[in-house]
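In what follows, a structure is listed as structure tokens, so that the remarks can point back to it.
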Amino acid sequence: MPVPVEQNPVLYDARDDGVAVVTLNRPERLNAWGGGLPSALYHCMDRAEADPDVRVIVLTGSGRAFCAGADMGGGNSIAGATIDDDTDVTKLVGERHPHFFTAVRKPIVAAINGGCAGIGLTHALMSDVRFAAAGAKFTTAFTRRGLIAEYGISWILPRIVGHGAAVELLLSGRTFYAEEALELGMVSGVFAAEDLMPRALAYAEEMAINCSPTSLAVIKRQMYDDSLRDVFEASDRAEKLMHESLSRPDFIEGITAFFEKRPPNFPPLSE
């Protein structure tokens, strides 16, 4: 069951359907990046990664926002830090970079319930699939704060929306809404606020029931690794991975379940 609101900046709920729900839980700060949230988030991701019963992770926020970016108020925030040539900027934003999400072997589905800005947007983009609530606001914001395109967003955003759209969004730092994010291909669906979590959970549950955890892990790794390869290397690598997949019980189960017209019973992800 989720931890009570007052005790934890991130809630964790492992459901019986193979889906773990991770909820950013600083609603009074619009789930801003700070106040113990970074370390708690990565702890929850590690917990989901290690649990063989968890097959898909849904990431969302409590209250009105998904994540409003870095916490710009209070002594523990970036705004309250003293910056000099010896400052370790990584410590200001957490012990891991957002691209850690791409190394999690299980699919991460971001259910963007509200405002999504700065490092919050970077984490949403590093998730594998994104849905948003109607009217949710998005912004890169960096140019309007005197900052740069941080922690991999200049790598991931063009791969999702294309170079031209990414340049425009990063340079302008303007606010845009979920409906435009859908047009850009940044999110896969926009739903009424009350329907967002049911739709995201139904999508995640369907994946958890019908998809091989090993296949999900391998394909996710292929997608990110192959973006750094040419097509010849990617194809050669895929051939080797295909041979490996043919020797796994997942393949036999997937084919058998198809012909028997039943849901597959795939084994959990192995180490």
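Being assigned by TED's automatic domain parsing to the domain that holds residue 146 and surrounded by 15 or more Cβ atoms within 10 Å (Cβ to Cβ) narrows it down to one residue among 193, 166, 202; which is it?
Of 193, 166, 202, the one residue that is assigned by TED's automatic domain parsing to the domain that holds residue 146 and surrounded by 15 or more Cβ atoms within 10 Å (Cβ to Cβ) is 166.
The set of residues from region 1-28 being in a helix (DSSP H, G or I), more than 15 Å from residue 60 (Cα to Cα) and either touching a Pro at 6+ places or on another chain (Cβ under 7 Å) or at pLDDT 90 or above (or both) comprises just one member, 28.
Counting only helices (runs of 4 or more DSSP H) that sit completely within region 208-271, those holding 3 or more residues that are under 22 Å from residue 103 (Cβ atoms) and either among the hydrophobic types (A, V, I, L, M, F, W, C) or in contact with a helix residue (DSSP H, G or I) (Cβ under 6 Å, 6 or more places away or on another chain) (or both) correspond to 213-226, 231-246. Among all residues of region 128-147, there is at least one that is assigned to a strand (DSSP E or B), modelled with pLDDT of 95 or more and under 30 Å from residue 262 (Cβ atoms). In region 26-43, of all residues being in contact with a strand residue (DSSP E or B) (Cβ under 6 Å, 6 or more places away or on another chain) and crowded, with 24+ Cβ neighbours inside 10 Å, the one that is farthest from residue 118 (Cα to Cα) corresponds to 41.
The values are calculated or read from the model by the stated rules, or taken from the named source; none is laboratory data. Computed from a predicted model, the values in this text were never measured in an experiment. Ideal geometry is used to build each Cβ from the backbone, glycine not excepted, and the neighbour counts take in all protein chains shown.
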